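S.K.: Sharing a structure with you now.
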Amino acid sequence: MSLFGLFGKKQPQFDKTEGDPNVRAGLDLLTAGDGAALGAFYAGLAPADRVHFIDGVGLLSEIDAVLPDPGSHKAMPAIEGGLRYVWAHRLRGFATADLTSDAQARSMAEMAFMAQDLLAEAAEATPGDSALHAFRIRALMLTGGPDGAFEAICSGLAATGEANLLAEMARLNYLTEKWHGSHAAMHGVADAAAANPPNAAFLALKARAWIEEWLYETAMNDDAEETAAFRARAKSDAFRQELAALDDRFYALLANPAPVCRAETRFARNHFAVLFTLFSDDARLRPHLEAVGAEPADMPWGYVFGERIPQGLNKLRKRCGLPKI
């Protein structure tokens, strides 16, 4: 027996940044306390890349780390607010509410309210930054707010004039049945984006809406008749044709207009891959899974495989005739 055999098979590692090449540079600037350079770096990214960048830096940085002087760049309130939102989620943990302690909830709330205040300040300093509005929506989901708060943030987002896929994802998530909306409201966001998409990646919002409906109807809905109706619809030829039409349209649009940034491309490929995993179409799954490669997204793959995303993906890849990663 080899020495390595004593320790069993080496398990694949999951990259929390989903391979985002910007995160390391951001962490280095954060550690150096160079707010001017950090702010300029953030401001130079495409809209969805800004959101993904803050998510990655927030996941890998020390919670409540010393941050650069807020006056060092006008984008610093947005950066700090976004980081504190991510830290709030980390303090809470990612388990369901029944497995979250009161201490975790209090720590989360304290950090989330700090994030909310900073993001409100950022909305005054850099109102044209759509990424900060994405984090305002996310923070509102943690803290709650007065009537009309969500609508006011969405108005601010629309006023930026930026097409930001991950900001639209935040709106869609807020309006899911499990949060503050309904299947109809959630699909409304996706359908509006699909009616005249800025590029092919925005069609993945419709994929996410179906994924969220699947999650709710198979794991959260106590109404057995509604769950049965969803399962029957998901097996119908009409539903499968609808999924196929969305996928065909994605490829038709992929080159013109192409996604404008890495975060958009990765979002789309991961979501279409999960969609065709859940609804069992390996022929359509394969090219998306191949595009995902060794850098899967935590969500929505977490809905399928929990904490064993690399292992689950390798099983899918084998099934689709793709090499192990």
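S.K.: Can you tell me the relative contact order of the chain? Whole percent, Cα pairs under 8 Å, sequence separation 6 or more.
M.R.: After rounding, I find 14 percent.
S.K.: Just to confirm, what accessible area per residue do you get for the chain at 1.4 Å probe, in whole Å²?
M.R.: Per-residue accessible area for the chain comes out at 47 Å².
S.K.: In addition: In terms of the ratio Rg/(2.2 N^0.38 Å) built on C-alpha atoms, what value belongs to region 174-243? Walk me through the intermediate numbers first.
M.R.: On the way: Rg = 12.7 Å, N = 70, 2.2 N^0.38 = 11.1 Å.
For region 174-243, the normalised Cα radius of gyration comes out at 1.15.
S.K.: Another question about this same structure. At each listed q (0.10, 0.15 Å⁻¹), what is the log10 of I(q)/I(0) that the Debye formula gives for region 220-325 modelled as equal alpha-carbon point scatterers?
M.R.: Log10 of I(q)/I(0), two decimals: -0.32, -0.71.
S.K.: Which whole-number percent of Cα pairs in the chain have a distance greater than 27 Å?
M.R.: 46
S.K.: Can you check how the C-alpha radius of gyration of region 108-238 compares to 2.2 N^0.38 Å, as a plain ratio?
M.R.: Dividing the Cα Rg of region 108-238 by 2.2 N^0.38 Å gives 1.16.
S.K.: If you don't mind, another one. In Å and whole numbers, how far do the C-alpha atoms of region 267-325 stretch along each principal axis, longest first?
M.R.: Computed over region 267-325, the largest-to-smallest principal extents equal 24, 20, 17 Å.
S.K.: For region 148-212, just the Cα atoms, rotate onto the principal axes and tell me the three extents in Å, largest first.
M.R.: 31, 28, 16
S.K.: Next question. Using a 1.4 Å probe on the protein heavy atoms, what percent of the accessible area of region 101-157 belongs to carbon and sulfur? Don't skip to the end; give the middle numbers.
M.R.: Details: 1370 of 2550 Å².
Ligands and nucleic acids excluded, carbon and sulfur reach 54 percent.
S.K.: What part of the accessible area of region 198-325, given as a whole %, is carbon or sulfur when the probe is 1.4 angstrom? Walk me through the numbers on the way to the answer.
M.R.: Details: 3060 of 5900 Å².
Ligands and nucleic acids excluded, carbon and sulfur reach 52 percent.
S.K.: If we count chymotrypsin sites (Phe, Trp or Tyr not before Pro) as exposed when they sit in a DSSP loop and have at most 15 other beta carbons within 10 Å, what is the longest stretch of the chain that avoids them all?
M.R.: The answer is 180-325.
S.K.: Give the separation of the Cα centroids, region 303-325 to region 26-47, in Å.
M.R.: Centre-to-centre (Cα) distance: 34 Å.
S.K.: Related question: Which is farthest toward the positive dipole end of the chain among L157, G145, F202, measuring Cα position about the Cα centre, with Cβ charges +1 (Lys, Arg) and -1 (Asp, Glu)?
M.R.: Farthest along the dipole direction, towards plus: F202.
S.K.: Same structure again: Give, rounded to the nearest 20 debye, the magnitude of the charge dipole that region 183-228 has about its Cα centre when Lys and Arg contribute +1 at Cβ and Asp and Glu contribute -1 at Cβ.
M.R.: 440
S.K.: Measure out, as a whole number of angstrom, how far apart the alpha-carbon centroids of region 134-208 and region 221-250 sit.
M.R.: Between the Cα centres of region 134-208 and region 221-250 lies a distance of 22 Å.
S.K.: Identify which of H288, H271, H180 has the largest mean-square fluctuation in a Gaussian network model of the chain, with springs joining Cα atoms closer than 10 Å.
M.R.: H180
The values are calculated or read from the model by the stated rules, or taken from the named source; none is laboratory data. All of these numbers come straight from a predicted model, not from anything done at the bench. Please note: Cβ atoms are built from the backbone with ideal geometry, for glycine as well, and neighbour counts cover all protein chains shown. Heavy atoms of the whole protein, side chains included, go into the accessibility calculation; ligands, DNA and RNA do not. Shrake-Rupley method; radii C 1.70, N 1.55, O 1.52, S 1.80 Å.
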